[in-house]
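Taken together, the values in this text are just the output of simple stated rules run on the coordinates, not laboratory data. Quick caveat, the model's predicted, so the values are computed rather than measured. We place every Cβ from the backbone using ideal geometry, glycine too, and count neighbours over all the protein chains shown.
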Amino acid sequence: MFTLHLAITWMTVGLIWVIQIIVYPQFRRVGEAEFRNYHFAHCLRIGLMIAPLMLLEMGSAAWLYFQGLNSLPFVISLAMFPVIILSTAILQAPLHTKLMQGRDDAAIQKLVRTNWLRTIAWSARGILLCYVNG
């Protein structure tokens, strides 16, 4: 189960890096006329990818923890979940809601800037899990 958890976590790490480096900056290149439809399609498709991965990642982490996996790197990696979830709820989700109304360069810039918190937290999870003897 640990190997599966590690693989799922690294899938989310890869996805957040693609979003951070490629997807969010590309929002600036979408014209105003197309932006609402483009952004809606992005949110729908990314949501369909990331939601199941996050559920599997958190579910497998909980299962491992309750099965007795409590090494320090693993426990610290668990502390990244609230950072990721709160960042999403407090920072990124409201910006995406604003962008649903149309292109807003300031909101796009803030989205790119604030998403570093999730990118770093997920990357830290992945790195920490590499030090767990599962």
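When Val13 is tested against (1) out of contact with any Gly (no Cβ under 8 Å at 6 or more places or on another chain); (2) part of a helix (DSSP H, G or I); (3) over 30 Å from Gly102 (Cβ atoms), just one condition goes unmet, and that condition is (1). Scanning segment 76-129 for residues that are over 18 Å from Ile46 (Cβ atoms), hydrophobic (A, V, I, L, M, F, W, C) and out of contact with any Pro (no Cβ under 8 Å at 6 or more places or on another chain) yields a total of 12.
Out of Ala89, Ala107, Ala121, one residue alone is over 30 Å from Ala33 (Cβ atoms) and buried (at least 17 other Cβ atoms within 10 Å of the Cβ). It is Ala121. Within segment 77-108, the residues that satisfy the criterion of being free of Cβ contacts under 8 Å to residues at least 24 places away in the same chain and under 26 Å from Val30 (Cα atoms) are Ala89, Ile90, Ala93, Pro94, Leu95, Thr97, Lys98, Asp104, Ala106, Ala107.
Put simply, of Ile16, Ile76 the only residue that is under 16 Å from the mean Cα position of the chain (by Cα), of a type in the set (A, V, I, L, M, F, W, C) and under 30 Å from Cys130 (Cβ atoms) is Ile16.
So is Ser60 buried (at least 18 other Cβ atoms within 10 Å of the Cβ) and either closer than 29 Å to Gln109 by Cα or of a type in the set (Val, Ile, Thr) (or both) or not? Spelling it out, it is not the case that Ser60 is buried (at least 18 other Cβ atoms within 10 Å of the Cβ) and either closer than 29 Å to Gln109 by Cα or of a type in the set (Val, Ile, Thr) (or both). Just one of (1) among the aliphatic types (A, V, I, L, M); (2) under 20 Å from Gly14 (Cα atoms); (3) without any contact (Cβ under 8 Å) to a residue 24 or more places away in the chain; (4) surrounded by 14 or more Cβ atoms within 10 Å (Cβ to Cβ) fails for Leu129. It is (3). Of all the numbered requirements in (1) over 22 Å from Phe2 (Cα atoms); (2) surrounded by 13 or more Cβ atoms within 10 Å (Cβ to Cβ), Leu69 misses one, and that requirement is (1).
Residues in segment 112-134 that are polar (S, T, N, Q) and over 26 Å from Asn70 (Cβ atoms): Thr114, Asn115, Thr119.
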